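First up is the structure itself, then whatever we jot down about it.
Read the figures in this text as sums done on the coordinates, not as results from a lab. This one's a predicted model, so the numbers in the text were calculated from it and none came from an experiment. Please note: Cβ atoms are built from the backbone with ideal geometry, for glycine as well, and neighbour counts cover all protein chains shown.
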Amino acid sequence: MGWIIAIIVGGIIGWLASLVMNRDASMGIFWNIIVGVVGSFIGSFLGSLIGVGATLTTFSVPGLLMSLLGAIVLLGIANMVQRGRVR
């Protein structure tokens with residue numbers, strides 16, 4: 001059951017990050033899920049570096065915000081690789 005919730009929340013986080021980075025038209029639901037799940041790992045890592053209690057095993061608002069930040073960072077890196085700049 002935890003994987004299903006991770007996929008749903010990952011899709012929502014990936015979709016929100018794609019809206020923030022103006023990539024919504026070029027991404028489908030599959031890539032939104034991938035970006036959201038990978039972004040949560042990046043966000044968890046960034047949260048541990050700055051001391052925010054964002055872990056992958058608990059559901060919390062700081063965890064969701066760090067996941068969104070991680071997804072935005074991931075899309076920013078993808079923009080740099082694809083276009084040579086961040087939008």
| said: Could you list PHE59, PHE41 so that the one with the fewest beta carbons within 10 Å of its beta carbon is first and the one with the most is last? | reply: PHE59, PHE41
| note | Pseudo-spin-label distance ILE4 to PHE45, built 7 Å along Cα→Cβ, given in nm, is 3.1
| task | Would you order LEU75, LEU49, LEU64, LEU69 from fewest to most other beta-carbon atoms within 10 Å of each residue's own beta-carbon? | result | LEU49, LEU64, LEU69, LEU75
| query | Ranking ILE77, ILE4, ILE72, ILE34 by Cβ neighbours within 10 Å, fewest first, what do you get? | reply | ILE4, ILE77, ILE34, ILE72
| task | Please label the shape of segment 2-83 as rounded, prolate or oblate, based on the square roots a ≥ b ≥ c of the eigenvalues of the alpha-carbon gyration tensor (a/c under 1.5 means rounded; beyond that, a/b larger than b/c means prolate, else oblate). | result | oblate
